[in-house]
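The values are calculated or read from the model by the stated rules, or taken from the named source; none is laboratory data. These numbers come from a predicted model, not from an experiment. Cβ atoms come from the backbone with ideal geometry, glycine included; neighbour counts cover every protein chain shown. These area figures cover heavy atoms from the full protein model, side chains too; ligands, DNA and RNA do not enter into them. Shrake-Rupley method; radii C 1.70, N 1.55, O 1.52, S 1.80 Å.
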Amino acid sequence: QVQLVESGGGLVQPGGSLRLSCAASGSMFSFYVMGWYRQAPGKQRELVGSITSGGTTNYADSVKGRFTISRDNAKNTVYLQMNSLKPEDTAVYYCNAKVPGTGYWGQGTQVTVSS
């Protein structure tokens, strides 16, 4: 069982920045592919981006050039740096740990982009 706890969400103006964190339990964190997802009201959950155990990242087209995913294996933490935020980035953001045969989710953190 892996427990994930997100933090760092909040209200930000358009054009602003936020950094989300996701802390994981256990000793196998460095082996996991970690993903960030988001779900806006009335929409399906979508992949924002992911990072492999080796640090390779990929991103949805909608966030490329604005969002950056990184990880600190010593702290069992993955980060989502969000810059140039837009109102359409408003959603609940979730982190995910992909483990062979299954996956784990955090409880989510709300990000609201509004003036």
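Numerical summary
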| read-out | value |
| --- | --- |
| Val2 being under 14 Å from Val78 (Cβ atoms), in a loop (DSSP other than H, G, I, E, B) and touching a strand residue (DSSP E or B) at 6+ places or on another chain (Cβ under 8 Å) | yes |
| Subset of segment 93-113 that is open to solvent by 10 Å² or more (accessible area, probe 1.4 Å) and under 14 Å from Val5 (Cβ atoms) - its residue that is nearest to the chain's Cα centre (by Cα) | Tyr94 |
| Cross-chain or 6+ apart pairs with Cβ under 9 Å, segment 63-87 first and under 19 Å from Met28 (Cβ atoms), then among the small types (Gly, Ala, Ser) and assigned to a helix (DSSP H, G or I) | Arg71/Ser30; Asn73/Ser30; Ala74/Ser30; Asn76/Ser30 |
| Residue match in segment 48-56 (condition: in contact with a helix residue (DSSP H, G or I) (Cβ under 8 Å, 6 or more places away or on another chain) and at pLDDT below 95) | yes |
